[in-house]
Amino acid sequence: MPTTLLSNGIRLSYDDHGGHEGHEGRDSTPLVLVHGHPFDRSLWDPQVRALSGTHRVLTFDLRGYGASVAPEGEANAPVTDFGDFARDLLALLDHLGVARCALGGVSMGGQIVMDAYDRFPERIAGVLLADTSPATDTEAAKAFRRETAERLLAEGMKGYAEEVLHKMAAPYNEEAAAHVLRMMLAASPEGAAAALRARAERPDYRPVLPRVTVPALVVVGRDDTYTPVADAEAMHAALPDARLCVIERAAHLPNLERPEEFNAAVRDWLARLS
């Protein structure tokens, strides 16, 4: 059953899977997974199914996405500053009494992971960075994000979702692409637009990477055009204790497109934490 907590004026919806009485992983480090734009926590369904039997797995909807809403029930509870996402994450850890977690994110979620490590590294036992990039946007990229935000507010999600679908999940991964399309069509245009604006102003996380002293896992889909393999290789080189996993026949969301390969890499990373 999903539950909620109040964080900085937003009612965050989250799921707490496994790791309780009767589960082998009760005493293991909890795994917290952060979805990207414009999705919701169901992005991590394959990981919840595969890992919650042995680990406590926490997933939540970022503010402005999914079921995370303003207390009065408004559908759009948007981010105003990119750091809001990490502050919400910290509120979730405090609410659940999680002293340290293994923290993973894909795409924008990976940038939130880097932001969180910069803010509260003592709460993070390991980082998973999937199909993401630490660098700030160029001026052209910032302008494009703002233009896209205006488009979403004017037109809704449908046209945008159909255009980017097969960059998110490759067309040869039909089941994953169908899941991705459902999430995008269900997203709040207001929440997605606000996140795009905030993301355009995010800081440069490249200086954070050499300070990540905990075990790291960098994952990328071989066919990702948003954050290509070269970006993942550069992150891997900058992290002091990292492994790189390139997943074949996957684009921007290998956790959905090739869950068995993704989950195997995650299990290996979690084993390193213990």
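The condition (being under 21 Å from Leu273 (Cα atoms) and in contact with a helix residue (DSSP H, G or I) (Cβ under 6 Å, 6 or more places away or on another chain)) is satisfied by just one residue among Asp115, Asp137: Asp115. Within segment 99-119, residues that are on the phi > 0 side of the Ramachandran plot reach partners that are among the hydroxyl-bearing types (Ser, Thr, Tyr) and outside any strand (DSSP E or B) with beta carbons closer than 8 Å, at six or more positions or on different chains, in the pairs Ser107/Thr132; Ser107/Tyr226; Ser107/Thr227. Residues in segment 218-246 that are of a type in the set (Asp, Glu) and in contact (Cβ under 8 Å) with a residue 40 or more places away in the chain were compared, and the one that is farthest from Ala140 (Cα to Cα) is Asp223. I'd like to know if segment 154-175 contains one or more residues that are under 17 Å from Phe262 (Cβ atoms) and in a helix (DSSP H, G or I). Yes - at least one qualifying residue is present in segment 154-175. Yes or no: Tyr226 open to solvent by 50 Å² or more (accessible area, probe 1.4 Å) and under 19 Å from the mean Cα position of the chain (by Cα)? Yes: the conditions hold for Tyr226.
Here Asp137, Asp81, Asp131 are screened, and the one residue that is of a type in the set (Asp, Glu) and within 15 Å of the chain's Cα centre (by Cα) is Asp131. Taking first residues from segment 131-147 that are at negative phi and part of a loop (DSSP other than H, G, I, E, B) and partners that are open to solvent by less than 40 Å² (accessible area, probe 1.4 Å) and of a type in the set (Phe, Trp, Tyr), the Cβ contacts under 7 Å between residues at least 6 apart in sequence or on separate chains come to Pro134/Tyr205. Applying the criterion of being of a type in the set (Gly, Ala, Ser) and free of Cβ contacts under 8 Å to residues at least 40 places away in the same chain to the residues of segment 173-217, the residue that is surrounded by the most Cβ atoms within 10 Å (Cβ to Cβ) is Ala177. Inside segment 108-131, residues that are open to solvent by less than 10 Å² (accessible area, probe 1.4 Å) and either at pLDDT below 95 or small (Gly, Ala, Ser) (or both) make up a count of 5.
Please work out if Gly73 is open to solvent by 20 Å² or more (accessible area, probe 1.4 Å), at pLDDT below 95, closer than 28 Å to Arg258 by Cβ and part of a loop (DSSP other than H, G, I, E, B). Spelling it out, it is not the case that Gly73 is open to solvent by 20 Å² or more (accessible area, probe 1.4 Å), at pLDDT below 95, closer than 28 Å to Arg258 by Cβ and part of a loop (DSSP other than H, G, I, E, B). Restricting attention to segment 34-51, the residues that are of a type in the set (Lys, Arg) and crowded, with 24+ Cβ neighbours inside 10 Å add up to 1. Open to solvent by 50 Å² or more (accessible area, probe 1.4 Å) and either of a type in the set (Val, Ile, Thr) or at pLDDT below 95 (or both): is that true of Thr54 in this structure? When the stated conditions are applied, Thr54 does not pass them. Say whether the condition of being out of contact with any Lys or Arg (no Cβ under 6 Å at 6 or more places or on another chain), free of Cβ contacts under 8 Å to residues at least 40 places away in the same chain and open to solvent by 40 Å² or more (accessible area, probe 1.4 Å) is met by at least one residue in segment 247-257. No, segment 247-257 has no match at all.
The values are calculated or read from the model by the stated rules, or taken from the named source; none is laboratory data. Bear in mind that the values here come from a model prediction, so they are computed numbers and not experimental data. FYI the Cβ positions are ideal-geometry reconstructions off the backbone, even for glycines, and counts take in every protein chain you see. With ligands, DNA and RNA removed, areas are computed over all heavy atoms of the protein, side chains included. Shrake-Rupley method; radii C 1.70, N 1.55, O 1.52, S 1.80 Å.
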